Structure formats: C-alpha cells, structure tokens
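Heads up, the thing below is written out as structure tokens.
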Amino acid sequence: MILASPWLVLSWYAVFCQSRTRILLLSLSLACCLLAGFPPFFFVIVISTLLLALTAVPRRGLTLDLAAAAALAALLSLAQLGISLERLHESIAKYRTDWIGLGGGISPDAFLTTLLPNYFQTFDEQHFTGHADPTQLYLFLGWSVPGSIAFGIRAIPRWLLALSLLLTVLMFGEWSPVGRLLFSTLPPFFQSATDWYPYRAPFTLAINSRLPLRA
C-alpha cells in the first residue's frame, strides 16, 4: 500500500493533463503500481482513474489516450507479470477463494467506530461484541474529520460526491447486495487470483483530498 500510494496520486493527476503527457504519466504510474506487488490496490487505482476520467474530463480523445496508456503500462510490466502468474500457479494463493467468501468487505456497523473507536470492545478480545473480523470493525477518524466534511461538503464537486458514494458501496463488499453481485460476476480466474479487498476503495479519496483538479 505504501509503495503503491504515490502512483495513485500520479494516475489521478495524469487524467487532467494534455494528451501526450497523460499517456506517459498514466502508463508510468500504472506500471509502477502493478510492480509494487499489491494487485487489489492496482485494480482500485485502475477503476477509480477510469471513473474519474469519465466523470470529470471531456471525452474528446480520452478513450484512445486511456487505451494507449494501458497498453504501454502492460508492456512495461510484462516481465514481472509473467513471473507473478507462474508463482501464483505454484502457490497456495490460488485456493484463497475457499475462505474469502464473496470478496470480503467492511460491515456498515464499522462506521460507529469512526467516532467511538472501542464501540465493539475491539481492544479486548474477551469482550469483543462485533459480528465480523475485528480488523474490519475499526475505522476511527476522530471528530475533526466528519466536522470538516460537514463544513465543506457544499464546495465538493458533484462528480466527486458521486464517486465517493460509489466507493463507499464498494467498501461494503459482501455486506451489500451490490458488492456480492459484482464479485459473483467476476471470472473465476480473477476471483481466485487475488483477494479484491473492496474496503481499500475509499482510500483513493483519503489520500487525494488535496489533488489539483486542473493541470
């Protein structure tokens, strides 16, 4: 996550650049994020970048730019992809769908811990009252975060609000009908190749809250 995060910032920034710069920066950021070695976060970057491009940037020439950047990124990371797929085939990781269920996710109840961190007695295993993985029932943000959101929500662009809502739904994963449906429609290879960690999706907004909207 730490290694991949800077490339998320660059991917979103590239969307607002001119065509040639967009292709170069986006291909570089996608390739480097993939080489960081955390496929679920790579897919989060790809999906969020596509959504950002489609909702916040004029369509003229955009599709060709995104396709060119994707092809160049695949070419740059091709050697590592081959090795990774071979190691996956030889490892027990291919059996992870036997225990990850429908892709995981954060229970909506976890929002209670954004202000009350020990609501489910997460810090005391003997008295834990939650019904999900304790590590997924801890979203403490502090009182300043919701206060800041309430104060500045009117200044947030509509496309960013829509994207935030979508990422929140994805964050719930198997705890929401939408998340279960999306995971069930994935090809078997993608279901077994990686745990998608849908709760990572809102992270794209958390570290990009100050991203410039124009290049």
request  = Within region 15-27, track down each residue that is over 16 Å from Val44 (Cα atoms) and part of a helix (DSSP H, G or I).
outcome  = Ser19, Arg20, Thr21, Arg22, Ile23, Leu24, Leu25
request  = Go through the residues of region 22-39 one by one and say whether even a single one is of a type in the set (D, E, K, R) and farther than 21 Å from Leu161 by Cα.
outcome  = yes
key: Gln121 vs. criteria exposed (fewer than 15 other Cβ atoms within 10 Å of the Cβ) and touching a His at 6+ places or on another chain (Cβ under 9 Å)   = yes
ask   = Considering only region 12-49, how many residues are under 16 Å from Leu72 (Cβ atoms), among the hydrophobic types (A, V, I, L, M, F, W, C) and either under 17 Å from the mean Cα position of the chain (by Cα) or buried (at least 21 other Cβ atoms within 10 Å of the Cβ) (or both)?
value = 13
From Leu85, Leu72, Leu52, residue being outside the structural domain of Val145 (by TED's automatic domain parsing), farther than 29 Å from Leu141 by Cα and surrounded by 15 or more Cβ atoms within 10 Å (Cβ to Cβ) = Leu72
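The values are calculated or read from the model by the stated rules, or taken from the named source; none is laboratory data. What you see is a predicted model, and the numbers here were worked out from it, not measured in a lab. As a convention, Cβ positions derive from the backbone with ideal geometry for all residues, glycine included, and neighbour counts pool all protein chains shown.
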